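Q: Below is one structure. I have some questions about it.
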Amino acid sequence: MKKYYKIYRRTPNMAFFLVLGGVLALIGVLGLFWANLLWAAICCIAAGVLVAALPQFVLFERYGISGNVLHYKRGGVPHKVAVQEIGAAVICTYDEYRRGRGFVPVSFGTKEGEAYLPALVLLKSADENELDLCDTRTATCITFRKQRITDTFLDFDFLEELWKSEFSGKVYISEYMAALFKPAFDELFGQSERVVVYDRLPKGIKDLKK
């Protein structure tokens, strides 16, 4: 089974938590030797170790398809689901939490300039009337929080693997991503009726305009 990483910026986040945990542990050691604060020092050292170690299990979570079963982790806990139970795959903009800035889209360089990284959110089902709210990964997860299976930055190798499996759900692609990666999507999906491009306009308003 080929495994794929869920988190895009793993190394910078790993370094942040290692440094933060190291600082807490160092404060605990200094408190032990200089102030003789035994219990406070032990608690500080233990907190530093936990801060440094525990986030790594989430940062380096991976997923993949074995047979026709999707294996993934959520909060470090292994889960699995048959691909036949995946009713929708939403491709939108990948965003992540940046300290001091909140959730922001992740950009990357292209020949035409700067563009945003695509995300993939797998759902048990999706209400097409709510897709106008799903411009980013976080917004999609919030909108379909009860239907969410897992989410990640989009790896086209995995997308191809999913499409060629027994997955029979629909693929919803945001208008921005559909235009940005049109050649790749056309080659993979062709003219399949299971692929829908959506935009930020609510479906009810679009129906009124018809």
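Q: Between PHE33 and TYR8, what is the label-to-label distance in nm when each label sits 7 Å out along the Cα-to-Cβ direction?
A: Going from the PHE33 label point to the TYR8 one covers 4.3 nm.
Q: On to the next question. Which value in nm describes the separation of the simple spin-label points at GLU160 and ILE142, placed 7 Å from the Cα toward the beta carbon?
A: The two pseudo-label positions are separated by 3.5 nm.
Q: For ALA46 and PHE108 in the same chain, what is the full-extension length gain: residue separation times 0.36 nm, less their Cα-Cα distance, in nm? It would help to have the intermediate numbers written out before the result.
A: On the way: separation 62, 0.36 × 62 = 22.32 nm, distance 3.77 nm.
That pair, ALA46 and PHE108, stretches by 18.5 nm at full extension.
Q: Please list, ordered by chain and number, the residues whose modelled amide H lies under 5 Å from the amide H of ALA82; skip anything fewer than 5 residues away on the same chain.
A: LEU70
Q: Hey, another quick one. Please give the helix 38-59 orientation as an angle from the longest Cα principal axis of the chain, in degrees from 0 to 90, rounded to the nearest 10.
A: The angle comes out near 20 degrees.
Q: Here's something else I'd like to know. Keeping the other protein chains in place, figure out the carbon and sulfur percent of the accessible area of segment 71-170, with a 1.4 Å probe.
A: Values: 2360 of 5010 Å².
Heavy-atom surface of segment 71-170 belonging to carbon and sulfur, 1.4 Å probe: 47 percent.
Q: Ignoring everything except DSSP H segments at least 4 long, calculate the 222 nm mean residue ellipticity for the chain; use -39,500 (n - 2.57) per segment, divide by total residues, nearest 500.
A: Helices in the chain give a 222 nm mean residue ellipticity of -11500 deg cm²/dmol.
Q: State whether segment 15-97 is rounded, prolate or oblate according to the following rule on the C-alpha gyration tensor (a ≥ b ≥ c being the square roots of its eigenvalues): a/c under 1.5 gives rounded; otherwise a/b larger than b/c gives prolate, and the remaining case gives oblate.
A: Values: a/c = 5.05, a/b = 3.02, b/c = 1.67.
Cα axes put segment 15-97 in the prolate bin.
Q: From the backbone phi of segment 17-33, what are the Karplus-calculated ³J(HN,Hα) couplings (6.51 cos²θ - 1.76 cosθ + 1.60, θ = phi - 60°) in whole Hz, Gly and Pro given as x?
A: In residue order, the calculated couplings are 6, 5, 5, 4, x, x, 5, 4, 5, 5, 4, x, 5, 5, x, 5, 8 Hz.
Q: Rounded if a/c is under 1.5, else prolate if a/b beats b/c, else oblate: with a ≥ b ≥ c from the C-alpha gyration tensor eigenvalues square-rooted, which is segment 60-210?
A: On the way: a/c = 1.30, a/b = 1.12, b/c = 1.16.
Rounded.
Q: Would you mind pulling out the separation of the Cα centroids of segment 137-183 and segment 12-69, in Å?
A: 33 Å
Q: Residue-wise, which Karplus ³J(HN,Hα) couplings in Hz belong to segment 176-188, taking 6.51 cos²θ - 1.76 cosθ + 1.60, θ = phi - 60°, and x for glycine or proline?
A: With the stated coefficients, segment 176-188 comes to 5, 5, 4, 6, 5, 10, 3, x, 5, 5, 4, 5, 7 Hz.
The values are calculated or read from the model by the stated rules, or taken from the named source; none is laboratory data. What you are looking at is a predicted structure, and each value in this text was computed from that prediction instead of being measured. When we count neighbours, we look across all protein chains shown, and the Cβ atoms used for this are built from the backbone with ideal geometry, even at glycine. Just so you know, the surface numbers come from the protein's heavy atoms only, side chains and all, with ligands and any DNA or RNA stripped out. Shrake-Rupley method; radii C 1.70, N 1.55, O 1.52, S 1.80 Å.
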